[in-house]
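Every number in this text was worked out from the coordinates using simple rules, so none of it is lab data. None of these values were measured; they are calculated from a predicted model. Note: ideal-geometry Cβ built from the backbone for every residue, glycine included; neighbour counts use all protein chains shown.
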Amino acid sequence: MSGPAAAALTKRLAAAGFLCLGGFDAPDEASLPSLSGGARARSLLLIGSTGPSVWPKLSSSPEASDGTADPLDRYTRRVLTEIAASEGFEAAFPFDGPPYHPFQQWARRCGGFSQSPMGVLAHRDYGPWAGFRAAFLSKTPLAIQQDTRSAGPCETCADKPCITACPAGALTLETGYDVPRCRDHLATSRSLDCWSGCLARRACPCGREHHQGPDNARFHMESFIGL
Ligand code: B12
Ligand code: SF4
Ligand code: SF4
């Protein structure tokens with residue numbers, strides 16, 4: 001997808017707080033989900049958000065103040081289902097499950113991401129702050145050019161400051177991210193610095209300008225603790 005159609009989609013996504021993080025064609029594979037008519041999707045665009053992009057839009061949306069659970073997921077579903085349909089796509093969402101769609105595997109296929117010790121994928125431009133909000137699925141191949149620019153930053157990050165920044169010792173290179181240990185630490189007090197944003201993610205030198213503000217970070221932490 002390129003030219004005016006891509007530019008128009010980019011503009012609509014940005015107006016709602018989202019961005020396209022990449023895409024790929026899967027012409028002969030069964031690796032993408034089936035569409036509503038039964039045919040397999042042939043191309044995928046990965047739609048995401050960064051810390052500052054979606055939060056202001058969500059804050060002024062009806063979902064933010066209707067007192068019902070999961071405002072971000074509901075805002076995302078409403079807005080992105082509509083954009084996808086009007087641009088000829090079907091949308092699949094990361095929060096629909098279990099079983100969940102393999103969004104991190106799809107992101108790796110798009111290019112530009114590396115596996116961080118924290119579980120999240122780090123992006124060459126957005127660091128550990130790119131969230132995945134939807135996959136736009138197309139029944140016709142879009143002839144997407146393979147992203148041959150650099151991968152994410154982790155392989156060339158010698159010091160890995162994300163690991164040492166965790167005050168709970170919940171991250172090691174050998175065993176990765178210890179979720180119960182992180183949760184236990186967060187549960188000790190709501191006034192811990194981690195509640196204003198994971199200190200490990202904040203220690204990453206890459207993509208810092210895309211980090212989540214304190215309110216946004218607390219919103220995600222509450223949802224993580226509640227899962
Ligand atoms: C279940 C889940 C969790 C579970 C368990 C993860 C697990 N052990 O599988 C828990 C609750 C621990 C979790 C925590 C977090 N998660 Co989570 N999670 C998911 C979810 C909904 C499904 C994962 C899955 O089962 N996929 C199905 C398999 C088949 O797909 P996959 O691509 O192969 O899945 C890979 C991941 O599961 C990954 N993985 C394994 N362990 C962990 C642990 C963590 C923390 C993460 C992020 C990934 C991860 O390895 C799999 C193989 O590649 C995904 C959304 C999605 N649909 O992918 C988000 C997702 C992976 N989570 C995400 C994030 C950001 C987090 C958090 C960092 C915070 C948050 N919610 O904002 C926290 C960590 C808390 C912190 N202190 O910062 C992002 C990652 C974005 C990125 N750039 O990579 C995703 C994609 C959600 C999104 N909408 O963007 N998560
Ligand atoms: S600090 Fe280094 S290893 Fe950790 S997420 Fe950032 S780039 Fe990757
Ligand atoms: S939220 Fe805090 S305890 Fe959990 S991984 Fe991040 S830095 Fe470590």
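For the reader, a short list of remarks on this structure follows.
- The magnitude of the dipole of the chain, with charges of +1 and -1 set on the Cβ of Lys/Arg and Asp/Glu and taken from the Cα centre, is near 240 debye.
- Added length on full extension, which subtracts the Cα-Cα distance from 0.36 nm per residue, Ser59 to Arg183: 42.0 nm
- The gain in end-to-end length when the Thr172 to Ala85 segment is fully stretched comes to 27.0 nm, 0.36 nm per residue minus the alpha carbon separation.
- Calculated log₁₀ intensity ratio I(q)/I(0) where the Debye formula runs over C-alpha points of the chain, q = 0.10, 0.11, 0.14, 0.17 Å⁻¹: -0.48, -0.58, -0.94, -1.34
- 3J(HN,Hα) from dihedral phi, the stretch 13-20, Karplus parametrisation 6.51/-1.76/1.60, rounded to Hz, x for glycine, proline: 5, 4, 5, 9, x, 10, 8, 8
- Footprinting exposure proxy for Tyr126, Tyr177 (fewest neighbouring C-beta atoms within 10 Å first): Tyr177, Tyr126
- Fewest-first ranking of Met221, Met118, using other Cβ atoms within 10 Å as the exposure measure: Met221, Met118
- Computed from Cα atoms, the angle from the helix 214-226 axis to the main principal axis of the chain rounds to 90 degrees.
- Straight-line reach from Lys11: taking Cα to Cα under 13 Å and skipping same-chain neighbours fewer than 8 places apart, the aspartates and glutamates in range are Glu87.
- On Cα atoms only, tilt of 71-86 relative to the major axis of the chain in degrees: 20
- Taking the inverse of the mean 1/r over every pair of distinct Cα atoms in the stretch 128-227 gives a Kirkwood hydrodynamic radius of 15.8 Å.
- If a spin label sat at a point 7 angstrom from the Cα of Arg149 along the line to its beta carbon, the backbone N atoms of the stretch 87-119 nearer than 14 Å would be those of 110-114.
- The stretch 91-161, Cα convex hull volume normalised per residue, Å³: 100
- Using the Cα coordinates of the stretch 19-103, the gyration tensor eigenvalues translate into equivalent-ellipsoid semi-axes of 26, 14, 12 Å, sorted from longest to shortest.
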